[in-house]
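Okay, so here's the structure we're looking at.
The numbers here are math on the coordinates, done by the rules we state, and not lab data. Note that the structure is a prediction, hence the values are computed from the model and not measured. Positions of Cβ are generated from backbone atoms using ideal geometry, with glycine treated the same way; all protein chains shown enter the neighbour counts.
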Amino acid sequence: MRPLRGMSLIDALIGSALVLVVFLAFFGLLRSSILVSGIAKAKAGATTVANSQIEYVRSLDYDSVGTVGGIPAGVVPQYATTTLNNIQYVARTFIEYADDDADGLAGADSNGITTDYKHVRVAVTYTVREQTREVSVVTNVSPPSIETTTGGGTLRINVSDATGLPVSGAEVRVVNASTTPTIDVTTFSNSGGTVDLGGAPVSSQYQVYVTKDGYSSAQTYPYTVANTNPTPGYLTVAASQTTTSSFAIDLLAELAIATFSPIQPNTFTDTFDDSTNVGSTNNTVVALGEISLAGAPGSYAASGSADSVSIAPPYLTEWTSATISVSTPVATNAIFSIESGGALIPDAALPGNSGGFTGTVDLSSLATTTYPDLTLVASLTSGDVNLTPAVLEWSVGYEEGPVPLPDVSFTLTGGKTIGSASDGSAVFKTIVATTTDATGVRTLTLEWDSYAIEVPGYTIDNATLLEPPYEVLPADVLEKILILSPI
């Protein structure tokens, strides 16, 4: 009979691992169940709030069924906040007149009354697990007896895009401070891009504001001293009439304005007042405004060299020339050659470079993409220990640009107008006065339009995208490069 043995460490580890796997699976299932339960509980709370609001509206007499500041006007707040189980619910109540097709719609209505009953929608929003959710409930409220006219008219708002197609889901806010009670109601365009507000009180002071996330906006405009003929102005609703007004909005565009100075000649020059622009020396010294052989009369070195720092303009367009100015007493000589990237430029690219140059050499044949940087290398020799040649100055000419031009003020003016002044001059909808940043760029979010640009103190030498005005279409992402010269 085999003796019984105890549990080994491996057995214990395997057992623990299995227990952990089972526990983690159970924990994950439990957590998911809690999440689902929490979401369901939150939704149930939202449904309770929505139904309670609907029941409250149904309990009112017909004439009171309306929202504070709405069309129709009534006693129901447009927004109400309730907290249940530590969750905040926001209930938005929207009430409007409905035209029943049973007796004909609009102008074909058999009795001429288009405000047949009231349509009520309660939308309750809440946040759970950092996500905003919504529950909505709708109902209709009919008059207690035969339908009667409300004595007002109908306000119809059509919302379209730049091409004339309807825009659904646009937020339409209607404000009228001249009515009693005052009106301030917000609703949304339907699938046909339309909002109909029947039973609107007679008034000539209806303000309309149309917006949508990511879209431009449109509105009516007030009469002011600066805008004596607003277009569109406030809307007028007459009794038993339909007032229709159309507003166009569309996706916003991005226009980046980048300002640059033009291509200009520039020069690297060193007169050796110090060794700041000298890269290295070999048997040479930099002093008293020159490079010379190391030593003193009677002990000057037979040869030596020195090179400049690397010359690498960040906005290089073209190399033009290199020049050296030297002093060469009898039996001495000083020449220079040119390197790029630490290597001598071959004679195939710069003829004569391996033998060295004196005076000025033409560099215009050097490709800047191949040779984006240059280093001047001076070679000094002397056959007399009492004499030394000297490099008095050297320079490299080049052209650079366009170079970013920071902090440039400019004004963009759109072509759309919102009216005119008393002298007949146009009042433009969009005027943006701003400045490019430290990098010479400013990105603007604009609505579709045709934009003129003014840059005070500068003339525009060259501009991408065509000459002004610049056409910006919905959802465009454009860059406008301006080459500017001071006036």
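Key figures for this structure:
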| read-out | value |
| --- | --- |
| Segment L344-D100, extension gain: residue separation times 0.36 nm, minus the distance between their alpha carbons | 78.8 nm |
| Contour minus Cα-Cα distance for D423 and S485 (0.36 nm per residue) | 18.8 nm |
| Close Lys-Lys pairs in the chain, where close means Cα under 23 Å and separation is 8 or more or interchain | 5 |
| Fraction of beta bridges assigned by DSSP in the chain that are antiparallel (%, nearest 5) | 90 percent |
| Furthest towards positive pole of dipole, S303, P262, A200, structure part the chain, Cβ charges | A200 |
| For region 151-250, diffusion coefficient by Stokes-Einstein and Kirkwood Rh (Cα), 37 °C, 0.692 mPa s, µm²/s | 239 µm²/s |
| Student exercise, region 151-250 dipole from Lys, Arg, Asp, Glu Cβ charges, in Debye to nearest 20 | 200 debye |
| Cβ crowding within 10 Å averaged over residues, with 172-185, 419-432 ranked highest first | 172-185, 419-432 |
| Size of electric dipole in the chain: Cβ of Lys, Arg +1 and of Asp, Glu -1, about Cα centre, debye, nearest 20 | 2520 debye |
| Computed E for T411/A312 - FRET, C-beta separation, R0 25 angstrom, nearest 0.05 | 0.10 |
| Over the chain: helical MRE at 222 nm, DSSP H runs n ≥ 4 each giving -39500 (n - 2.57), nearest 500 | -4000 deg cm²/dmol |
| Inter-label distance, nm, simple model (7 Å from Cα along the C-beta direction), T231/S178 | 2.2 nm |
| Crossing angle, helix 9-59 versus the chain [Cα axis fit, 0-90 degrees, rounded to tens] | 50 degrees |
| Area projected by the alpha carbon convex hull of the chain, averaged over all directions, nm² | 52.1 nm² |
| Furthest towards positive pole of dipole, T48, Y62, L316, structure part the chain, Cβ charges | T48 |
| Chain lengthening between Q264 and L84 when straightened (0.36 nm per residue, less Cα-Cα) | 57.8 nm |
| Lys, Arg +1 and Asp, Glu -1 on Cβ, resulting dipole of region 364-487 about Cα centre, debye, nearest 20 | 260 debye |
